[in-house]
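Student: Structure below; questions to follow.
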Amino acid sequence: MHNLFSVCRTLNQDKAAKILGKDFVLDSTTGVTNGTLARSCLYMNDTYQLPVDKKLVLTWQHLDRLHVPALFEFERNEIIWKYTGVSNKYVENHI
């Protein structure tokens, strides 16, 4: 559940087959979103051992450090943990 987000249809159509940090990075006014997506990518990479190169993982780690989670992201992580027993350590590491 840590990788599921509701988004507007046009954003989803535009970014659906692209990878954050490789094919796109959102503009600087959406820093919270970049950080949230980066933490989701890091979580997915760790959980499912995705075949991504180290440079891309370093980009996600940089975005994670650069854009700290908003309160909503902490709350969302807590809710997912309550229902699934699984937490995103990349959100927790900012506490």
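Student: May I ask you to verify whether Thr59 is out of contact with any Pro (no Cβ under 6 Å at 6 or more places or on another chain), of a type outside the set (Phe, Trp, Tyr) and modelled with pLDDT under 70?
Tutor: no
Student: Would you say Val91 is assigned to a loop (DSSP other than H, G, I, E, B), modelled with pLDDT of 90 or more and surrounded by 12 or more Cβ atoms within 10 Å (Cβ to Cβ)?
Tutor: So Val91 fails the test.
Student: Just name the residue that is surrounded by the most Cβ atoms within 10 Å (Cβ to Cβ) out of those in region 47-61 that are in a helix (DSSP H, G or I) and of a type in the set (S, T, N, Q).
Tutor: That would be Thr59.
Student: Specify the residue that is surrounded by the fewest Cβ atoms within 10 Å (Cβ to Cβ); the eligible residues are those in region 63-86 that are in contact (Cβ under 8 Å) with a residue 24 or more places away in the chain and of a type outside the set (A, V, I, L, M, F, W, C).
Tutor: Out of the qualifying residues, it is Tyr83.
The values are calculated or read from the model by the stated rules, or taken from the named source; none is laboratory data. Predicted model only: the values in this text are computed from it and were never measured. Neighbour counts are summed over all protein chains in view; Cβ atoms, including those assigned to glycine, are modelled from backbone coordinates with ideal geometry.
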